[in-house]
1. Keeping to segment B:32-89, report how many residues are in a loop (DSSP other than H, G, I, E, B), away from chain A (no Cβ under 14 Å) and over 22 Å from the mean Cα position of the chain (by Cα).
2. So, in segment B:207-220, how many residues would count as being without any contact (Cβ under 8 Å) to a residue 24 or more places away in the chain and surrounded by 18 or more Cβ atoms within 10 Å (Cβ to Cβ)?
3. Could you check how many residues of segment A:30-42 are in contact (Cβ under 8 Å) with a residue 12 or more places away in the chain and more than 23 Å from A:ILE360 (Cα to Cα)?
4. Select the helices (runs of 4 or more DSSP H) contained entirely in segment A:271-367, then report the ones holding at least 3 residues which are more than 26 Å from A:PRO249 (Cα to Cα).
5. In the set B:VAL257, B:VAL204, which member is among the β-branched types (Val, Ile, Thr), touching a residue at least 24 places away in the same chain (Cβ under 8 Å) and touching an Asp or Glu at 6+ places or on another chain (Cβ under 8 Å)?
6. Given the conditions (1) over 20 Å from A:ARG120 (Cα atoms); (2) assigned by TED's automatic domain parsing to the domain that holds A:ASP82; (3) more than 13 Å from the chain's Cα centre (by Cα), and given that A:ARG359 satisfies all but one, which numbered condition is not satisfied?
7. Kindly list, by first and then second residue, each pair from a residue in segment A:374-392 that is crowded, with 23+ Cβ neighbours inside 10 Å to a residue that is of a type in the set (Val, Ile, Thr) and outside any loop (DSSP other than H, G, I, E, B), limited to pairs with Cβ atoms under 6 Å and residues at least 6 apart or on different chains.
8. For segment A:290-301, indicate whether the set of residues that are assigned by TED's automatic domain parsing to the domain that holds A:THR251 and basic (Lys, Arg) is non-empty.
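The values are calculated or read from the model by the stated rules, or taken from the named source; none is laboratory data. None of these values were measured; they are calculated from a predicted model. We place every Cβ from the backbone using ideal geometry, glycine too, and count neighbours over all the protein chains shown.
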Protein chains: 2
Amino acid sequence: MSEPITLIQPEWIVPVEPALTVLRDHDIAIAGELIVELLPRAAAEERYPQAQRIPLPGHLLTPGLVNLHTHSSMALLRGVGDDMALKPWLEERIWPLEARLMSPEFVFDGAVLACDEMLRGGITCFNDMYFFPEAVADAARALGMRASLGIIVVDFPSAYGSGAADYLRKGLELRDRLDDDRLMTFCLAPHAPYSVSDENLRQVTTLANELGLPIHIHVHETAQELTDSIKRYGVRPLARLDELGLVGPDTIAVHAVHTSAAELDLLAERGVSIAHCPHSNLKLGSGIAPAAEWLERGINVGLGTDGSASNNRLDLLGEARTAALLAKGSSGRADIWNAHQLLHTLTLAGARALGLGDRIGSLEAAKSADMVAFDLRGNELQPVYDPVSQLIHAAGRAAAAEVWVAGRHVVQMRQLRAQSAQTLTTEVVARTRMWQNRISDILSGNSAP
Amino acid sequence: MSEPITLIQPEWIVPVEPALTVLRDHDIAIAGELIVELLPRAAAEERYPQAQRIPLPGHLLTPGLVNLHTHSSMALLRGVGDDMALKPWLEERIWPLEARLMSPEFVFDGAVLACDEMLRGGITCFNDMYFFPEAVADAARALGMRASLGIIVVDFPSAYGSGAADYLRKGLELRDRLDDDRLMTFCLAPHAPYSVSDENLRQVTTLANELGLPIHIHVHETAQELTDSIKRYGVRPLARLDELGLVGPDTIAVHAVHTSAAELDLLAERGVSIAHCPHSNLKLGSGIAPAAEWLERGINVGLGTDGSASNNRLDLLGEARTAALLAKGSSGRADIWNAHQLLHTLTLAGARALGLGDRIGSLEAAKSADMVAFDLRGNELQPVYDPVSQLIHAAGRAAAAEVWVAGRHVVQMRQLRAQSAQTLTTEVVARTRMWQNRISDILSGNSAP
């Protein structure tokens with residue numbers, strides 16, 4: 001027997017595919033996890049007279065946003081590393097803190113806090129890189145969110161494991177364990193060229209080819225990274241990654257702030273995706289990424305929030321606005337990256353980078369019903385000449401009112417809908433006070449090592 | 001008889017002056033328009049046992065934000081000029097639209113929409129530049145907002161008047177008329193060096209000196225402006241303004257994106273204030289202002305949203321975050337413009353630029369009670385290591401929960417508090433649909449000229 005139909009009835013639907021389409025007074029019919037079809041309201045009423053209806057006057061329905069790069073658990077470290085550059089931030093602040101805190105409990109609580117924030121901001125899928133990915137998976141599953149989990153690879157040991165081989169083994173085991181959960185997918189996640197040896201990177205290449213997994217890696221984030229690589233390896237990081245077989249269509253290059261024209265040509269030619277994280281790049285003083293040149297070359301660019309310790313806000317819609325403004329301002333070309341292109345960047349581009357372009361990222365029949373309805377009725381959003389411009393340039397994430405992941409209505413009127421999800425986040429927010437005290441003690445040197 | 005005392009009881013108070021101060025569990029006692037004192041909660045309970053109490057757990061109280069540059073009425077043009085550079089944006093889109101629309105009704109309705117947005121985002125004072133400033137004043141007064149009104153000067157005629165002399169006469173008359181309204185103050189507002197003749201600029205200088213008024217002017221916004229000025233006058237605009245006597249401590253230079261080291265030295269030496277509008281500069285492709293160099297020179301920098309047609313969001317808190325991130329990212333110095341400095345920029349710096357530094361901009365005894373309470377209790381704002389960092393880098397304007405202007409509680413639980421203000425904004429939002437239809441018709445060429 002077929003699943004019952006629900007009709008979502010917003011004022012506007014922007015399906016992203018076909019491009020530049022704004023449907024007015026259309027319904028989207030969903031059943032179970034999937035989109036059945038998009039059709040004019042009158043036709044929908046006639047074809048599905050028995051369907052449940054969800055009228056959303058003044059709302060814009062779009063595909064769910066895809067956060068292409070984050071370390072969700074760092075939500076517990078929100079604001080501990082302001083006003084520091086990447087290297088001291090990592091070496092003097094973040095890594096020492098993580099060394100003291102790392103545990104499944106820390107990772108789970110941070111990820112719950114992050115998932116709650118992301119979902120209520122219209123993000124339905126996130127690409128994570130962190131230790132204890134099983135704890136991130138538990139958080140995402142508990143809140144009904146789609147996640148691409150990082151099988152992390154880094155040379156140094158941690159509470160999670162003894163080193164690269166151990167991390168890989170554990171990550172692959174998790175992947176087997178979650179094989180039947182369609183919301184959980186995986187990337188190989190070597191941390192960065194500077195923190196993973198040639199041998200371990202080669203192992204990543206082998207596994208990626210064998211298993212058909214995307215590779216999620218920080219690349220060319222700072223000028224210092226390039227200098228250090230030349231000193232240590234005689235070449236820039238991208239050249240080294242290329243030699244090791246990591247520059248291909250399944251690669252997600254995070255940041256790519258410092259890239260020469262030849263390197264950009266290489267990325268374009270190989271079909272590499274870029275995860276652009278403008279707030280993090282700016283906040284750490286890393287620089288301004290050459291986004292106009294990426295777009296010119298047709299590189300697939302998605303957006304990432306990065307973690308809360310370098311942002312400090314997991315707000316992908318805000319990231320999109322900054323991406324557009326920064327590209328216009330730094331290139332002097334006011335015409336680039338218009339709002340419609342930005343919505344593609346926020347959704348389908350991210351989905352494609354994760355190898356999920358056939359399942360999510362646009363509102364089309366037979367795709368998964370991962371969707372957000374933005375309420376554009378606020379006084380501060382009037383008048384609405386173009387709902388997509390309004391979404392990118394005027395609305396904030398607070399406009400995200402209703403969210404569905406794989407057909408499940410997870411956010412309703414800006415709140416998590418399931419009682420279990422509400423209870424869990426309340427518990428975690430209460431525990432956050434404990435984490436805060438502990439972390440504050442470490443920061444002030446008051447705690448035993 | 002003395003006015004009754006009200007005790008506001010937030011979790012944190014950041015008075016801005018003295019700098020870097022965070023008061024925890026303190027009360028602020030206000031009476032009538034004024035701040036009486038700040039004191040520890042226990043002491044306040046003892047000293048003012050009869051006072052009305054407003055407990056605000058989890059809230060951060062700061063001075064009201066000062067929007068140092070806007071054209072508030074352009075709220076009705078929000079989103080009509082996306083993806084265009086300043087010159088075509090002005091000449092092909094904004095000026096032709098304004099020529100068709102300009103009227104006291106257009107200016108009033110746009111300003112009401114803008115004041116509602118600004119107030120609910122924590123802005124208590126705005127510095128406006130537009131035609132029909134009396135209509136802007138009416139809007140601000142109706143909503144209980146403080147305004148610095150521009151006595152506009154521009155060479156071309158409009159529905160408002162026949163030219164510079166007429167604009168000056170009307171603006172000065174308005175100033176006389178509103179002499180007894182302490183919330184309404186004035187700037188002379190010559191539009192820009194390229195739109196005001198030497199003769200008219202000289203007249204501005206004379207009046208500014210005579211009347212002790214600040215001068216509010218767009219300066220060095222785009223590279224094109226410099227080229228055009230050299231062609232027409234043989235010098236860059238700042239040099240010309242300097243010759244005409246407009247570069248002094250009462251000058252508010254808006255934008256100042258393209259400025260040489262010598263020009264920055266001049267601005268610093270003369271005590272000019274800068275109204276920094278990063279979103280507008282980026283969106284119009286004007287460039288990235290050298291904010292790090294302003295700060296290094298100790299120039300007084302405030303923030304402006306600019307108008308809704310080039311932003312498209314009158315969100316000064318968001319402007320501050322972008323200002324910080326952009327300064328860090330473009331200079332490569334992650335350590336500059338920390339959150340406490342930003343809060344000073346948002347408040348006291350703007351107040352000083354307007355000549356109001358002795359009345360608003362910080363929470364001190366005998367100053368006006370212009371204040372905002374930001375609710376930092378949202379899940380997405382946990383944990384709170386430093387409430388000021390959280391305000392600037394994590395919270396959005398949606399956290400602005402309670403707002404006072406001159407002791408009057410104008411926003412309560414994120415809504416305008418006065419019934420009259422609510423009624424007016426509801427009426428104006430309804431009329432916005434009419435404006436939208438009319439403007440859409442003009443844009444699509446469907447309306448008679």
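1. Qualifying residue count, segment B:32-89: 5.
2. Residues that pass the stated criteria total 0.
3. 1
4. A:316-331
5. B:VAL257
6. Here A:ARG359 meets the rest and fails (2).
7. So the pair list comes out as A:GLN382/B:VAL429; A:GLN382/B:THR432.
8. Yes, the conditions are met somewhere in segment A:290-301.
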